[in-house]
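So the structure is just underneath, and the comments pick up after that.
The values are calculated or read from the model by the stated rules, or taken from the named source; none is laboratory data. Fair warning: this is a prediction, and the values are worked out from it, not measured in the lab. Note that each Cβ is placed from the backbone with ideal geometry, even for glycine, and that neighbours are counted across all protein chains shown.
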Amino acid sequence: MTEPHTTDSPEAFAEAPATPVMDAASPASDAAVDPGVPAGDPVAQELAEQKDKYLRLYAEFENFKRRAVRDRQDAEHRGMQHLLRGLLDSLDDLSRFATVDPTTTDAKTVVDGVGLVERNVMKSLAGHGLEVVNPAGQPFDPAVHEALTTAPATRKEDDGLVAQVYQVGYVLNGTLLRPARVVVQQWNG
């Protein structure tokens, strides 16, 4: 038995639209048979039909992969746009502070303004699922804290509590972005 000769490759069908699959019993299935296959050879016809089904399925899968990549990139861009829109007001506030005349503005006004900008940025980021991890006085949790060093505890009850936070941590929608860097009290009693 010889293999049917075709010049079709999976790439040739990459952009081909999907067509309904026809079973061998349908009368229209004879039209889908490879013209190079002898009319009386049912095995060769079945092989040609299966090859056609495979090539169409391969093309459909390749199109699906491209579409999935494009959809994922579009969703990522929409998310970034949504996040940045929330930060634009804070950026405007920062640019206003950049043009303040230092000779006519007192330090308290600048500090208060920077604090306001920080609160606005944190409020916007919290709206997108960002949580600050500031565990001062809480029990040490290695899942969200990173112990930099230990300090002696004055009481046995303080053993394992966070004494000082060097750097706060951040959690985004339940995923740890950065652990809080802390000093942990240790009872040596």
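Summary table below
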quantity: Pairs with Cβ under 8 Å, 6+ apart, first in segment 92-115 and in contact (Cβ under 8 Å) with a residue 24 or more places away in the chain, second part of a helix (DSSP H, G or I); calculated: 93/113; 93/116; 93/117; 93/120
quantity: Residue within segment 71-88 that is of a type in the set (Gly, Ala, Ser) and under 30 Å from residue 164 (Cα atoms) present; calculated: no
quantity: Residue among 113, 40 that is assigned to a helix (DSSP H, G or I) and either modelled with pLDDT under 90 or assigned by TED's automatic domain parsing to the domain that holds residue 171 (or both); calculated: 113
quantity: Selection from segment 122-150 of residues that are touching a residue at least 24 places away in the same chain (Cβ under 8 Å), among the aliphatic types (A, V, I, L, M) and out of contact with any Gly (no Cβ under 9 Å at 6 or more places or on another chain); calculated: 130, 136, 143, 147, 148
quantity: Segments classed as strands (runs of 3 or more DSSP E), wholly inside segment 146-189, with at least 1 members that are on the phi < 0 side of the Ramachandran plot and aromatic (Phe, Trp, Tyr); calculated: 162-167, 169-172
quantity: Long-range neighbours under 9 Å by Cβ, at least six apart or interchain, first residue touching a residue at least 12 places away in the same chain (Cβ under 8 Å) within segment 163-189, second among the polar types (S, T, N, Q) and not in a strand (DSSP E or B); calculated: 165/134; 168/134; 169/134; 180/134; 185/154; 187/154
quantity: Matching residues, segment 151-169, being among the β-branched types (Val, Ile, Thr) and surrounded by 15 or more Cβ atoms within 10 Å (Cβ to Cβ); calculated: 162, 165, 168
quantity: Meets criteria (out of contact with any Cys (no Cβ under 9 Å at 6 or more places or on another chain), at pLDDT below 95, over 30 Å from residue 123 (Cβ atoms) and in a helix (DSSP H, G or I)) for residue 48; calculated: yes
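Residue by residue, here is whether (1) within 29 Å of residue 128 (Cβ to Cβ); (2) β-branched (Val, Ile, Thr) holds:
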position	(1), (2)
141	yes, no
149	no, yes
154	no, yes
166	yes, no
170	yes, no
173	yes, no
186	no, no
